[in-house]
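Derivation of every value follows stated rules applied to the coordinates shown; laboratory data play no part. It should be emphasised that the depicted structure is a prediction, and the values quoted were computed from it without experimental measurement. Quick reminder, even Gly has a Cβ in these numbers, built from the backbone with ideal geometry, and neighbours come from all protein chains shown.
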Amino acid sequence: MKRIVVTGGAGFIGSHIVDHFCEAFPDATVVVLDKMTYAADIRNILHGIESRRVELVVGDICHLESCLRAVRGADLVIHAAAESHVCNSFDNSFEFTRTNVLGTHCLMEAARQAGVPKIIHVSTDEVYGEVVEGSAHEDSPLRPTSPYSASKAGAEMIISGYLKSFRLPVVTVRANNIFGTRQFPEKIIPKFTLALLTGKSLTLHGSGQNRRHYLCARDFARALEILATKGEIGGIYNIGTVEEYTNIEMAGLLCGLFGLDANEVITFVDDRPFNDFRYAVDWSKISALGWEPRRSLRRALPEVVQWYADNFFRYGPASSMVRRPISGLTEETMSSVRAAG
């Protein structure tokens, strides 16, 4: 492959995809199409731009011309751009529909016109809705429960139409919660880490007993590489992990790295309009292609927390933040956490 396009490539997940594909395909140019919204940061891909492995196209996926400019001549398009924060979707649902549905439509049309030979669409396990017991399979019905997951399910319907009508070569992935460095601090791990760094309490919705599986961004990117070569056109692949934690357990893990008692820093607030208790996917289909998760959350978490400490001032003005030392994040603590993982 000579030209790989990653939409949303300056964001959290997208930048890890960019890094992985630069390494996996050393002769390829990776083109990032990104609107550069609040969740994107050029520093996430600056090393690739400076080495001339990455080309940044600043544009909106809802604009057909921007999409066409990015995907012309592409051997592979990975569509990772999306509005993704569930809480925001309750307050600004139209923006989620615009970006996630209309944006996907524009990108698929551009890919059709440009004759792109393969596209990977990044969806989410949340399209299955709440999975209280067991796991959702790729052929399980879609039962989205939030404006966010509904918009992602809507995007999949656009793709289904393009698959049937135009035989567009799309592979769809539905993944568990993804964690890692560079994630904007609106999701639980970076949000709680920055709160602990600044001496603030940790706010949990409802009882804090909602459960989530956690998949490392690097493992996710590696799964996409496998699907780029082995994924069946029109196929849907769940990408998952066995690591599952309640929100209150996650808070406890993070507090442990700071040497704090979680009971002293957690504050419970009213739950959001609807908060799925649990998501879970069966990922045996991609496992049969030779993929499995390699990096556990418990092993990786100390390094993720340290990254946020090292990049503390990226997410807010210094004048408004009082930095707390990571008293519990000693080498001994990191070793013990890794051992437990």
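Near the amide H of residue 118, under 5 Å away, which other amide H atoms are found, from residues 5 or more places off or on another chain, if H is placed in the peptide plane?
Hits under the 5 Å cutoff: 77.
Roughly how big is the chain's charge dipole about its Cα centre, with Cβ charges of +1 (Lys, Arg) and -1 (Asp, Glu), in debye to the nearest 20?
Values: 36 positive and 39 negative charges, 144 e Å.
Charge dipole of the chain: 700 debye, to the nearest 20.
Which one of 44, 22, 6 has its Cα pushed farthest toward the positive end of the charge dipole of region 1-55, where Lys and Arg give +1 and Asp and Glu give -1 at the Cβ?
6
Identify all lysines with a Cα-Cα distance to residue 191 below 27 Å; exclude those on the same chain that are fewer than 8 residues away in sequence.
The qualifying lysines are 35, 152, 200.
State the Cα centre-to-centre distance between region 172-213 and region 221-267 in whole Å.
Spelled out, the Cα-based centre of one part sits 10 Å from the other.
Skipping prolines and chain starts, which residues have an amide H placed within reach, meaning under 5 Å, of the one on residue 259, given they are 5 or more residues away or on another chain?
328
What distance in nm separates the simple spin-label points at residue 85 and residue 284, each placed 7 Å from Cα in the Cβ direction?
Rounded to a tenth, the inter-label distance reads 3.8 nm.
Using a 7 Å offset from Cα along Cα-Cβ at residue 157, what residues in region 100-124 end up with backbone N under 18 Å from the label point?
Hits in region 100-124 for residue 157 at 18 Å: 100-109, 123-124.
Between residue 43 and residue 233, how high is the FRET efficiency from 1/(1 + (r/R0)^6) when r is the Cβ-Cβ distance and R₀ = 35 Å? Nearest 0.05.
On the way: r = 35 Å, r/R0 = 1.01.
The calculated FRET efficiency here is 0.50.
At a threshold of 8 angstrom on Cα-Cα distance, excluding pairs fewer than six apart, so keeping six or more, what relative contact order does the chain reach in percent? Please report the intermediate quantities before stating the final value.
Details: 669 pairs, mean separation 57.8, N = 341.
It comes to 17 percent, rounded to a whole number.
Rounded to whole Hz and in sequence order, give me ³J(HN,Hα) for region 28-45 from the Karplus expression 6.51 cos²θ - 1.76 cosθ + 1.60, θ = phi - 60°, writing x for Gly and Pro.
With the stated coefficients, region 28-45 comes to 9, 8, 9, 9, 9, 9, 8, 6, 6, 7, 4, 8, 9, 8, 4, 5, 5, 10 Hz.
Quick one: compute the contact order of region 1-123, relative version, from alpha carbon pairs under 8 angstrom and 6+ residues apart, as a percent.
On the way: 233 pairs, mean separation 35.2, N = 123.
This gives 29 percent for region 1-123.
Counting helices only, and only those DSSP H runs with n ≥ 4, report the 222 nm mean residue ellipticity of the chain as the sum of -39,500 (n - 2.57) divided by its residues, in deg cm²/dmol to the nearest 500. Please report the intermediate quantities before stating the final value.
Working: 14 runs with 136 residues, N = 341.
My calculation for the chain gives -11500 deg cm²/dmol from helical runs alone.
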